[in-house]
Structure formats: structure tokens, C-alpha cells
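Notes follow the structure.
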Amino acid sequence: MEEVLNSTIHPTCLQEPPLAIDIIKQLDVLGVAVYSVLTLMATLSLLLYLEECVFVYRNVPSPKKTTIMWVSGAAPVIATMACFGMWIPRAAMFTDMTSNSYFAVVVYKVLILLIEESGGSEAFLKRNSNKTFKITTGPCCCCCLCLPRVPVTRRLLFLLKLGALQYAILKTVLSILSIILWTNGNFDLSDLEITGTAIWINPFIGVLTIISLWPVGIVFMNINSTLKSVRIIPKYAMYQLVLVLSQLQTSVINILALDGTIACSPPLSSIANGTMISQQLMIVEMFIISLVNWSLYHRIYDPLPVDHNEIDNDLNSKAILQAPLEEHSA
């Protein structure tokens, strides 16, 4: 009975992803056109990003320009890696890990961008010294309405940075570990047994992701009204869109491929076909996001309006310092 079932399955559906030359040989006219257009989109995304980097480097002061280069580079980097994965299916493991590791750093850099758009850490603390932050935001505590508001202190800022930074570090380390285990045959996304390494590493990465998104959400929710003049809301929306498409969409497609919903398409197995669909969708989506990011970051914004509370605090502190001097002179 098993022999009969196996005989109905195309042999290539049970093999590992094909070589790049095998993909090229089986392309028809439509396939060549699709691959050419997608490659052109990925190339244009990268060229737009490089031109944007030149503009930002010349017109934006440090250290904000470095942060902007990191954040706006998420879409073109993912598109470029997806293009490599499309042409070389066996490299999908490496291209996905590279994209995910880069985006892990971007999550931290988005938090830094929010702080630097406020004038830097010192200006951020000074501007919000008399305020309290609401921490009931996603993805961790959006339903925990009983949580109290917390005062903005240097310690809070450190904890927020640490919460986002841990993902950038641990995600990269776990990605390298996954590749090492994969080369030894110990890491397989299709292995859902309790003894498999993927079933332990991937959920742990998911927990790290949720923890890192929380501090970014806290800062954005509490200061987005202050940063409207620098169009921080559409910038943050593009970051969130990259997050959903690169993480959630890819995970859904991989799950559909694992349970056989996405059919085998020789010479691609079901899993390889799902990965191919994900890479092609990613190129189109990241190309559109790259265009939007170019329009958002390829400009000089006016400085933030002066906070009157901050001026009052400065005047009060100066008055307190000058009072003893006047008494002494009298």
C-alpha cells in the first residue's frame, strides 16, 4: 500500500530544494518575465536605499543618521535576501536568518530613533521628567489595564533599551546556532517532534520578539503626539508593516507548507514551494515599502517645537540657583 502511495508522488517532491541551475532550466517565458521583474524590484529597492543613505549622510547630524540608515534599510535588505533565496532555493535558510537578524537590530534601532527624534536621551528625559508613561500596550500588556503608570526616569529608559537590545543580540546568536545545527542535520523546520531543536528554538525566539516589541510600543504610544511634525506615525507604521510581513506572513506560509496545504510543484517540494512563494511576495511588498520609506526619510524635518514646561523648569532651576547668590551679595 505504501509503495502505491509513494508511486503517485513525484520524486522531486521528496527531495531537497533544487540547485539554481535547475530552477533556471525549467523556467518558461512567463517564468523568465516574473523572475526578471522581481529581480529588478529588488535591485531598485537597494539602489533607492543607497541613494537615500548618501542624502542622510550629508544632511542629517550624527548619531541620528546612522539610526535612520539602519531603520530604513530593513525593507531593501529583506528584498535583496529574498531575491537571493528566490534564485538559489538551497540558500533560503541563510537568507532568512540574515533578514531576521538584521530586523532584530532594527527593532532596537526604532526605539533609538524615537529617542533621538526627541533630541537624544538627555533631552528625552528632560522633556518627560514630569510625566508618567502608560505601559498597557501590546504585545505584552495591552489587556492589563490595572498596571499603573510609571514615572520617566533614567532607570526606566535603561530598562526600555535593554528590553529591545536583548532581541538584537539573542536573535543573532540563535540564528548562528541554528545554522550550525542545520549543517549537522540537527535543525529541521519540518521536524515537529519534541526531541527536535526547531520546536524549542523557534518558540523561544517568539517570546524574545514579544518582549522586545513591548518597550518600543511603550515609547511610541506615549510620545507619538510630540513627534507628529517629523511624521513619526507613518514611519512607525512602515516598521510595523515590515514586522508583520517578514515575521507573521512568512510563518503562516511555512505552516501551510508543512501541513501540505501548499502543494508540491516540481522541482520544488511543498516546503520549498512555500518558501519560494514567500520570497516572491516579500520582494514585491518590500519594494513598495522601500518607495514609501524613501519619501519619508529623504527630507529634512524642522526641529521639534519647544516644550513650554521644559522652559518653565529651566527658569525655576535657574531662579533656585541664583537666589543664594543674590542673598550672599546683599
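The values are calculated or read from the model by the stated rules, or taken from the named source; none is laboratory data. Because the structure is a prediction, the values reported are computed rather than measured. All Cβ positions, glycine included, derive from the backbone under ideal geometry; neighbour counts span all protein chains shown.
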Filter the stretch 191-201 for residues that are assigned to a helix (DSSP H, G or I) and touching a Leu at 6+ places or on another chain (Cβ under 8 Å); which is surrounded by the most Cβ atoms within 10 Å (Cβ to Cβ)? Ala198
Give all pairs with beta carbons closer than 7 Å in which a residue from the stretch 233-262 that is farther than 19 Å from Met93 by Cα and free of Cβ contacts under 8 Å to residues at least 12 places away in the same chain meets a residue that is surrounded by fewer than 20 Cβ atoms within 10 Å (Cβ to Cβ) and of a type outside the set (Gly, Ala, Ser); count only pairs at least 6 apart in sequence or on separate chains. Ile233/Asn224
Filtered residue count, the stretch 106-133, keeping only those that are in contact with a strand residue (DSSP E or B) (Cβ under 8 Å, 6 or more places away or on another chain), buried (at least 16 other Cβ atoms within 10 Å of the Cβ) and of a type outside the set (Phe, Trp, Tyr): 0
When both residues are 6+ apart or on different chains and their Cβ atoms are under 7 Å apart, which pairs have a first residue that lies in the stretch 172-201 and is touching a residue at least 40 places away in the same chain (Cβ under 8 Å), and a second that is small (Gly, Ala, Ser)? Thr172/Ser101; Thr172/Ala104; Ser175/Ser101; Leu189/Ala198
Within the stretch 251-269, take every residue that is under 24 Å from Leu213 (Cα atoms) and surrounded by fewer than 21 Cβ atoms within 10 Å (Cβ to Cβ) and give me the one that is nearest to the chain's Cα centre (by Cα). Ser251
Contact list please: Cβ distance under 6 Å, first residue in the stretch 93-106 and over 12 Å from Leu243 (Cα atoms), second residue polar (S, T, N, Q), pairs at least six apart or on different chains. Met97/Ser175; Ser101/Thr172; Ser101/Ser175
Which residues, counting only those in the stretch 137-161, are among the hydroxyl-bearing types (Ser, Thr, Tyr) and modelled with pLDDT of 80 or more? Thr153
Looking only at the stretch 233-262, count every residue that is of a type in the set (A, V, I, L, M, F, W, C) and either more than 19 Å from Ala198 (Cβ to Cβ) or modelled with pLDDT of 90 or more (or both) and tell me the total. 8
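Condition check ((1) over 37 Å from the mean Cα position of the chain (by Cα); (2) outside any loop (DSSP other than H, G, I, E, B); (3) modelled with pLDDT of 75 or more) across all residues:
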| position | (1), (2), (3) |
| --- | --- |
| Ile271 | no, yes, yes |
| Met276 | no, yes, yes |
| Val284 | no, yes, yes |
| Phe287 | no, yes, yes |
| Leu291 | no, yes, yes |
| Pro303 | no, no, no |
| Asn309 | no, yes, no |
| Asp312 | yes, yes, no |
Could you give me the residue pairs with C-beta distances under 6 Å whose first residue belongs to the stretch 59-72 and is closer than 16 Å to Ala104 by Cβ, whose second residue is buried (at least 17 other Cβ atoms within 10 Å of the Cβ) and of a type in the set (Lys, Arg) wherever it lies, and which are 6+ apart or on separate chains? Thr67/Lys109; Trp70/Lys109; Val71/Lys109
Set Ser178, Ser229, Ser212, Ser246: member being surrounded by 19 or more Cβ atoms within 10 Å (Cβ to Cβ), assigned to a helix (DSSP H, G or I) and over 17 Å from the mean Cα position of the chain (by Cα): Ser178
If we take the stretch 1-120, then helices (runs of 4 or more DSSP H) inside it with 2 or more residues that are under 29 Å from Trp294 (Cα atoms) and at pLDDT 90 or above are 29-59, 64-72, 74-87, 92-117
